[in-house]
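These notes are about the structure you will find just below.
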Amino acid sequence: MKIGFFTDSYFPEIDGVTYTIKLWREELEQDGHEVYVVYPDGDYEPGDREIPVKSVSNPFYPGYRIPVFKRPSTLPELDVVHCHGPATVGVLGRYYARKHDLPAVYTHHTPIEEYFHQNVKFESIADALSRLYVPLENALLRSFDIVTASTSRIERDVEHVQLPVGIDMEFFQPTDEDWYPDRTVIGYSGRLSMEKNVSEILRVAETLPEYDFVIVGDGPYRDCLEREAPDNVEIRGFLPREELPIFYSSIDAFVTASTADTLGLSTLEANACGTPVVASDVPPFDRTIGPDNGERFAYGDLEAMADAVERCLRSDRDTRAAIERYDVRQTLEHLEHLYRSVRSSGTASPADVTDDWFSDDSHSSPK
């Protein structure tokens, strides 16, 4: 099949959507498909089957760009359109599918309205933007033949297939190399932006001066975090991808206070490398993190967060076994089935692609 990924988030920016598209593309092409990626242009040299769309700087979210429209006639002939965002490139993909009478799939990665509440100064304005935006995205999603999402609840008024984006379990596994053999280190990897709440990690680090904290990542809040970081916190930029398994294997616990993740790829990557995760008790972590692979805490409760860190450090858990169901090979097997179903029938039902990734009783409440 010739598959078109239409995304508003791509290299050189590093985030979960970018890496998911890269991983899915690699896996699908290994299975003999051709995958084209349509994305906003930027400081990135496109490779084979990567098609940039002219874009301008985003004044509201540094590092990301706002694409402008591209003529559909300049795009290759495709068999399936798969959109990964609701902005201009995603809309372009939906238009292309409709114009050429192609099946269209949408993957819901990010609750955009969360960014309004995190980045707009006045709550009343953020609420108004959310009330305006969500119905518009609902209307867009309903126009697709099938919608997928990593969790069973996506806060959208559409029927969807639960399909976790998956992680590369062959790549992310425990390593013999240990960067911190003589230290107890708690780590974090991800974007340093408001919705990730990395400042909460700085707060808990102050209450646990006997441990070292290493924060890996970059983003608009890096300068502010570096100014506020206590002495036992090291903040460094994004690591090369090939070094991430070493980092995850070297730390004693992974911690996140994010409240805006849809699956939390970095938490599962750490688990795959044998490291327990401390996460806030919010979606999706209330479904993905439990006694077998980590601890949860009530967001904003500093004492509970510190206690969760301590519990992870005191216990041994087979965290890798706990998250095997998120292996990307399972995800892609279901995704290819989804493509075949939607091509043959012109539509597909969520019943066509199901699994027990998230049973309601899969994890207990935080201690």
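Of the accessible area of the stretch 142-189, with the probe set at 1.4 angstrom, what percent is carbon plus sulfur?
38 percent
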Protein-only accessible surface order, largest first, of Trp179, Trp24 at 1.4 Å
Trp179, Trp24
For Met1, Met169, give me the order by solvent-accessible area with a 1.4 Å probe, most accessible first, ignoring ligands, DNA and RNA.
Met1, Met169
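Does the stretch 178-247 classify as rounded, prolate or oblate by the C-alpha gyration tensor (a ≥ b ≥ c root eigenvalues; a/c under 1.5 gives rounded; else a/b over b/c gives prolate, otherwise oblate)?
Oblate.
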Pull out a ≥ b ≥ c, the square roots of the eigenvalues of the alpha-carbon gyration tensor of the stretch 248-336, then state rounded if a/c is under 1.5, prolate if not and a/b is larger than b/c, and oblate in the remaining case.
oblate
Percent accessible area from carbon and sulfur atoms, the stretch 239-318, protein chains only, probe 1.4 Å:
42 percent
Can you work out D for the stretch 149-218 in µm² s⁻¹ from Stokes-Einstein, where Rh is the Kirkwood radius over C-alpha pairs, the temperature is 20 °C and the viscosity is 1.002 mPa s?
136 µm²/s
How many angstrom lie between the Cα centre of the stretch 81-111 and the Cα centre of the stretch 240-275?
30 Å
Flagged links, alpha-carbon separation over 27 Å, of Lys2/Lys22; Lys2/Lys196; Lys22/Lys54:
Lys2/Lys196
Order of 289-295, 211-217 by packing, highest average Cβ count within 10 Å first?
289-295, 211-217
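The values are calculated or read from the model by the stated rules, or taken from the named source; none is laboratory data. Please read these numbers as outputs of a predicted model, since none were measured by experiment. Note that we place each Cβ from the backbone using ideal geometry, even for glycine, and neighbour counts take in every protein chain shown. With ligands, DNA and RNA removed, areas are computed over all heavy atoms of the protein, side chains included. Shrake-Rupley method; radii C 1.70, N 1.55, O 1.52, S 1.80 Å.
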